[in-house]
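Here is the structure we will look at, set down as structure tokens.
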Amino acid sequence: MLPGCAGGLTKFLTLWQRWPKWSERGDRAQLFRFSPNPYPFSYGNYLQDWPTWVERGSVDELIIQLYRDNLDRFVWEMNKATAQSSRRQIPTAVGILTGLKGRPTSMSMINTQIEAARDRNFAGISFFFYETLLNMNQEAPQERQAAFVGLFPNTALRPEPSATRLSN
């Protein structure tokens, strides 16, 4: 591991956060959304010190990649202090794996993970990867589509970053 490199990324994001974020009309011109692996794996493998970035205001929205096929591990990752701290500071969502080629994820598991994320007040859900969202799974594409429609019957509004983050 190269701590100096991680520090360099953190310095870069700190400088980036200082750039103007507003358009001339006064509306939001840019957001920095980041989708890391859970911490500390993200730091040890990719030098992504995202808890520090969130704490310093360098990240506006976060989607933590919780690609787990074990519900206990999925919930454990959501309950970690880093995920909970981020969730309290900025809109933080979880990434759910919809399957891989040759390794499908059942709608039952996806549904259970969505419920677990909602129960813990995460800001939203993101799915990986598009080829397995409806296809290459145990269920027929029409069944999966109907299941997703049932899980998301209403239009959701995107959460806004906190007012403290907008004033930077």
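The values are calculated or read from the model by the stated rules, or taken from the named source; none is laboratory data. As the structure is a computational prediction, the values presented were derived from the model and not from experiment. Cβ: placed from backbone, ideal geometry, glycine included. Neighbour counts: every protein chain shown. Protein only, heavy atoms only, side chains kept; ligands, DNA and RNA dropped before computing areas. Shrake-Rupley method; radii C 1.70, N 1.55, O 1.52, S 1.80 Å.
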Hey, can you tell me all the residues within segment 125-154 that are touching a Ser or Thr at 6+ places or on another chain (Cβ under 6 Å) and open to solvent by less than 40 Å² (accessible area, probe 1.4 Å)? T132
Filter segment 74-124 for residues that are part of a helix (DSSP H, G or I), open to solvent by 40 Å² or more (accessible area, probe 1.4 Å) and of a type outside the set (S, T, N, Q) and give the result. W76, A81, R87, R88, M109, E115, R118, D119
Listing of helices (runs of 4 or more DSSP H) fully contained in segment 1-70 that carry 3 or more residues being at pLDDT 90 or above: 41-46, 50-55
Which residue, of Y43, Y67, is within 19 Å of A123 (Cβ to Cβ) and either open to solvent by 10 Å² or more (accessible area, probe 1.4 Å) or in contact with an Asp or Glu (Cβ under 9 Å, 6 or more places away or on another chain) (or both)? Y67
Say whether the condition of being closer than 30 Å to Q30 by Cβ and touching a residue at least 60 places away in the same chain (Cβ under 8 Å) is met by at least one residue in segment 105-123. yes
The condition of being hydrophobic (A, V, I, L, M, F, W, C), within 30 Å of L13 (Cβ to Cβ) and in contact with a strand residue (DSSP E or B) (Cβ under 7 Å, 6 or more places away or on another chain) holds, among V75, V94, only for V94
